[in-house]
Structures are given as structure tokens and as C-alpha cells.
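Data first, discussion second: the structure below is written as C-alpha cells.
The values are calculated or read from the model by the stated rules, or taken from the named source; none is laboratory data. All figures in this text were calculated on a predicted structure; none of them were measured in a lab. Reconstructed Cβ throughout: ideal geometry from the backbone, glycine too, with neighbour counts over all protein chains shown. Ligands, DNA and RNA are stripped out before the accessible areas are found, and what is left, the full protein with its side chains, is counted by its heavy atoms. Shrake-Rupley method; radii C 1.70, N 1.55, O 1.52, S 1.80 Å.
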Amino acid sequence: MAALDGLRDFRVLRWLREERQSRRLILLIVFIALLLDNMLLTVVVPIIPSYLYTIAEKEDTVKNHTSSLYESTSNFQTILSLYDNSTRVIESISQTTAQMPMSQVASSTSITPTNATNLSCPKENAALLNENVKVGLLFASKATVQLITNPFIGPLTNRIGYQIPLFAGFCIMFVSTIMFAFSKSYTLLFLARALQGIGSSCSSVAGMGMLASVYTNDEERGNAIGIALGGLAMGVLVGPPFGSVTYEFVGRAAPFLILAVLAMLDGALQLFVLQPSKVQPESQKGTPLLQLMRDPYILIAAGSICFANMGIAMMEPALPIWMMQTMCSRKWQLGVAFLPASVSYLIGTNIFAVLAHKMGRWLCSLIGMLLVGVSILCVPFATSIYGLIVPNFGVGFAIGMVDSSMMPIMGYLVDLRHVSVYGSVYAIADVAFCMGFALGPSVGGAVARSIGFPWLMTIIGVVDILFAPLCFFLRNPPAKEEKMAILMDHDCPMKTRMYTTQDTQHYQMGDDMETESDE
């Protein structure tokens, strides 16, 4: 048996060596990286609000219990100084207790079944409303740091390649996961979430740029990016229910330790296949980041990504607390409520990765933005967890339509209007994504505390609906003059592009693609 196991291991290693340059294996690595990154992103959604509220309740209980003990002790000392008979002291305390109402006697007990029941259904109070702001800032810290890091990661990939930043993203995510598992204070949790932002920036920008550089055909690129976004969707899908169930039945550290083990396996695969120690810069100088940001068509695509994802970002910190207030939801329900959105996002990205190219990516994004707005407006009308199924399903499905359309468009716009180097443009796409998840939780938490959760959903729903018509401008974006000259000149050598894999060699000339062998 040992010999057979050794033979299987040898075959696996040989297959990996042969497939090292395969586009399919690169797609698999990016898929896993996005899967784990977004599992860590969403696994904290049901855990952090409940955990911070539990900490606050324990602190208040200890403070009140200590205060009551201090008062009882001072009364006891006063009685002892006046009366030197211990029998009379006990009688006076029992008389005081007998004169107290039964409700006060029960409330003075440290642990009672009634008190435990009330903790599972907290009423609307100042402490719970303040959790909106604390949780929102903690969730937003990851996206904020990622927002700051992206402008540096994009140009960096143009200089050193995509392999090293992708592997660095794994290392940072592993450290962040371990911090989440063992941190017990708000400050350490905040630092862990912020550190995750750096790792996510490396993984997402390098991963998407790598796919865009390997899949040069627009339709193939759309399919590949749709599959990669399926990994993102799987992470969003599995994260909340996985986190809430393991938190309630196993413990707070359990989901993070499991993620750390999976991240180690992904890191080993990257280390063996991508060989991240090698610097592989781009063969041509890319368009500067600021010049790309001044392109109005890129800004419209980035705006669609930002506002579509801002809706779910605002729901992540505010919806669990609103459910605790209005539905008396248990811990596991706080994460399961996001399950319909996660499932529909996975369905939407897979369907429209192919369909959007046929129907027009601009139209797919326009319809998706309208559907996001309408679905978000319906969320506050739910009176139970079952009432959230249809609105959340619509939100996730619509965001899947937008993301699977706009991510390939970003690469297409660079090919059409700029130099075909993709690190910077996908840094912009990730900046847009991060702005949604930075402004959403931070602003959403404060707005939910000030005017309430229903009005918060109304505002972001209306914004998405108003932004949707701008997607019409992406219907037929014009090419730059120099790019048009290259496309029209059939004798220009700059138009021909070649890339080689282990088992396939492709030559791309304009719209024609010759393939010597199928993958």
C-alpha cells in the first residue's frame, strides 16, 4: 500500500509539473485564492456582532454586580459598627430581602433562566445601537486598507509580475486568520480585519490581472473571470452559514482555524506551481493609473461595481443587529439570512459569465443595477427570517449580473483604449469594490443608528436605480485613435500576440484565433 501511495504522489507531482503553465491550473489557483479570501471576509459577519454584544453584556453584568456587592458590603460594615451582634445583622439582611419585590430578587441573581432568555432577544437600547457603529467600522477597516493598498499593488504587478503578489496575499491572509482565531478584544479584531485588506489587495489584483493576461480572447476572458468570480461567490456563500453554525456549536475560534489549514494547502499549491520567487515583469509599459482613472468609461464600469456591492456591504453589519431587535433571531440565523444572496450570486456569476457576452454586458449590468435597487427596497418589509429569502436572493443574483459583466469590460476597455497591461485597471476595479465595502459598513452603521435600518435600505436602493442608466454609455465605447490605427492596419506586427502553454500554442490576429491543439 505504501508503494501505491508513493506512486500516486509521484503521478500528482508529475502532472503538476506538466500542467504548470496551463491556463486551467492558473484559473484553479485564482479560484481557490478568491474562495478562501471571501470566506474569511464573510465568516465574521455573523460572529463579530454577536461576539461584541456578548462582551459588552458581560462587562455591564460584571460592573453592575461589582457595584451591588460594594453597596451590600458598605451597608454590612455600617450595621456591624452600630450593632455588635451578628445574629441581628443576618436578620436585618433577611428582612430587607423579604421586603424586596420578587422581580428585584430575581434580577439580583447572577444567572437565571429568565435572564438567559432575554439575552437571546435584546431590545432596542443605546448599547445595541452603538454596536452598529463599532461593527461597521471594524468591517470597513478591511476595505479601507485594501482601498489604500490597491494603487500600489497594480503598478507593482507590472514591474515584478503577478506570482509574487499573489503568494504574498496568501501569507498575509494566513496571519490575519490566526489573529481572528485568538483575538479577544475589539482592538486586535480591528487589526486582524485591517491586515486582511492588504492580503486581499494582493490576491484580487494579481489574480484578475493574471487571468486577463493569459486569456486574451474577450469571450474566453469573460468565461474565465466568471469562473473565478464563482470562487468569490462560493466564499460568500459558505462563509456566513459556516461561521454562524461553527460559532454556536463548536466555538468562536473553530471556523478561523479551519480556514488557516485550507490556506496552508493553497499556499503550498502556489509555491509549487507558480514559483513566486521568480520576477516576471510585463513586456510593455502599461498605461499610468491616473490616466486610466480619467477614462469616463472605466469610471462608469467601476461605479457600477461600487454601488452594486455597497448594498450588500451596508446590510452585513446592520442586518444582523436589526434581526436581533425585530425578530429575536438566534446566532446561527444571523449568518443563514445571507445564504439566499450567496446562492443567487453563485448562480448569477455562472449564468451571465456566458450570457452577458451574447446579450451585451452593458445591458446585463443595467438590468442588474435596477434589480439590486428594487430588491434592497424590499428587505425592510420582512417580518421573519423567511421574509428575507426573496429580497436577499434578488440582491445576490443582481450583483452577480453586475460583477460578471463589469470585470471583463474592464479588461476589454484597456485593450480597446489603452495598453494591454491589466494590473492597474484591475486595481481600479478592486478599488471600486473596496469603496463599496468601505463606505457601506462605516456610513451604513451610522445611518442605521440615526434614522433606522429601513431608511438606510431605501437610500442605497434609490442610488442603485438612479445609477443604472449610465451603463448605456458602455454599449459601444469608442477606441483611442492610436488603438484604432493598430486595429485597422493588418500589416502592423504589434497587432499579433502569441502565448504558449505546455500543451497549447495560440496565435491571436485581430478577431481570428488559431489553435493547434485543444486544452
Output for Cβ contacts, cut-off 9 Å, separation at least six or different chains, first residue closer than 16 Å to Gly169 by Cα in the stretch 21-32, second open to solvent by 20 Å² or more (accessible area, probe 1.4 Å) and not hydrophobic (A, V, I, L, M, F, W, C), reads none
So, first residue within 20 Å of Cys434 (Cβ to Cβ) and open to solvent by less than 40 Å² (accessible area, probe 1.4 Å) in the stretch 148-172, second residue assigned to a helix (DSSP H, G or I) and charged (D, E, K, R), Cβ within less than 8 Å, six or more apart or across chains; the pairs are Asn150/Asp430; Gly169/Asp37; Phe170/Asp266
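Residues Pro241, Pro288, Pro317, Pro296: which one is open to solvent by 20 Å² or more (accessible area, probe 1.4 Å), at pLDDT below 80 and either closer than 20 Å to Ala398 by Cα or in contact with a helix residue (DSSP H, G or I) (Cβ under 8 Å, 6 or more places away or on another chain) (or both)? Before you say what the answer is, go through the steps one by one.
On the way: Pro288 fails: at pLDDT below 80; Pro317 fails: open to solvent by 20 Å² or more (accessible area, probe 1.4 Å); Pro296 fails: at pLDDT below 80.
Among Pro241, Pro288, Pro317, Pro296, only Pro241 is open to solvent by 20 Å² or more (accessible area, probe 1.4 Å), at pLDDT below 80 and either closer than 20 Å to Ala398 by Cα or in contact with a helix residue (DSSP H, G or I) (Cβ under 8 Å, 6 or more places away or on another chain) (or both).
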Restricting the stretch 244-257 to residues that are open to solvent by less than 30 Å² (accessible area, probe 1.4 Å) and assigned to a helix (DSSP H, G or I), the one modelled with the lowest pLDDT turns out to be Ser244
Within the stretch 320-347, of all residues that are open to solvent by less than 40 Å² (accessible area, probe 1.4 Å) and of a type in the set (Ser, Thr, Tyr), the one farthest from the chain's Cα centre (by Cα) is Ser329
Within the stretch 193-223, the residues that are within 15 Å of Val44 (Cα to Cα) and surrounded by fewer than 24 Cβ atoms within 10 Å (Cβ to Cβ) are Ala194, Leu195
